Amino acid sequence: EAGKIVDIPEEFEVAKCIKNLIAMQTGIAKQKNITLSFSEGNAGSVKLYLDLKLFSQVVLNVLSNALKYSETKGDVEIGLDREGKTIQISVVDDGIGIPEKEIGMVFDKFFRASNAAKHAEEGTGLGLYVVKSYVQRWGGTVVIDSTEGHGTRVIINLPIKSR
C-alpha cells in the first residue's frame with residue numbers, strides 16, 4: 001500500500017518453482033505426518049513473467065496455511081493446470097476449514113478465522129491479504145472454498161504473460 005514493494009519480473013517455469021517451494025515445506029509436513037502431493041496437470045512447462053520472489057511468497061503463504069491448519073496425518077494437494085491463457089494453482093487441504101460466516105473476511109488485513117486463532121497461536125492475519133493483493137496486481141484472481149471441519153481449497157488464477 002505504501003508503494004515500497006517493487007515488482008522485478010523475470011521469466012520462470014511455474015512447476016519448477018512450485019516443486020522447490022514444496023521441497024522447502026517437506027520438513028513441516030513430515031513433522032505432522034502430512035502427505036504432500038503435486039499434480040502438474042497440463043501446465044508442466046508453462047512459464048510466467050512475474051516477480052519470482054513475490055510469486056514464491058504467494059504460494060508459500062497458501063501452502064504454509066494448508067500445512068499449519070491441517071491435522072496430523074492429513075493430506076495437502078497442490079495442483080497446476082492451464083486453461084487457455086490462464087494458469088491455475090490450487091492448494092487443497094483436509095484441515096480445520098473456515099467457518100462459513102467468516103469466509104468473506106479471510107482476505108481482510110489482520111483477520112484470522114475464529115477457529116484458526118484457537119488452532120495455531122502463530123499468525124498475523126496478513127498472509128491471505130498479501131496473497132490477494134499480489135495476485136490482483138498481476139491481473140489474477142484468488143478464490144477460497146472451505147467447509148469448517150473438512151478443509152479448504154484455495155484457487156489462484158493468473159494470466160500467462162511472457163516478456
message: Modelling each spin label as a point 7 Å along the Cα-to-Cβ direction, I'd like the ILE5/ASN20 distance in nm, to one decimal.
response: 1.9 nm
message: Among GLY104, GLY140, VAL92, whose Cα projects farthest towards the positive end of the dipole of the chain, with charges put on the beta-carbon of Lys, Arg (+1) and Asp, Glu (-1)?
response: GLY140
task: For the range 1-105, divide the Cα radius of gyration by the Kirkwood radius and give the resulting Rg/Rh value with two decimals.
output: 1.00
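Per residue of the chain, what 222 nm ellipticity follows from adding -39500 (n - 2.57) for every DSSP H run with n ≥ 4, rounded to the nearest 500? Working shown, then result.
Working: 4 runs with 52 residues, N = 163.
Calculated at 222 nm, the ellipticity per residue is -10000 deg cm²/dmol.
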Residue-normalised accessible area of the chain, expressed per residue, 1.4 Å probe, Å²: 55 Å²
- request: Report, in degrees rounded to the nearest 10, the 0 to 90 angle that the Cα long axis of helix 127-137 makes with the longest principal axis of the chain.
  value: 20 degrees
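Could you tell me what percent of the accessible area of the chain is made up of carbon and sulfur, with a 1.4 Å probe and every protein chain present?
Working: 4420 of 9010 Å².
Ligands and nucleic acids excluded, carbon and sulfur reach 49 percent.
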query: What's the angle, to the nearest 10 degrees (0 to 90), between helix 14-31's Cα axis and the longest principal axis of the chain?
result: 20 degrees
query: Between SER37 and LYS85, what FRET efficiency follows from the Cβ-Cβ distance if R0 is 22 Å, with the result rounded to 0.05?
result: 0.25
query: Pick from SER70, SER37, SER90: which residue has the top mean-square fluctuation in a GNM of the chain where Cα pairs under 10 Å get a spring?
result: SER37
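The values are calculated or read from the model by the stated rules, or taken from the named source; none is laboratory data. As the structure is a computational prediction, the values presented were derived from the model and not from experiment. Positions of Cβ are backbone-derived with ideal geometry, glycine not excepted, and every protein chain shown enters the neighbour counts. Areas reflect the complete protein model, heavy atoms only, side chains present, ligands, DNA and RNA absent. Shrake-Rupley method; radii C 1.70, N 1.55, O 1.52, S 1.80 Å.
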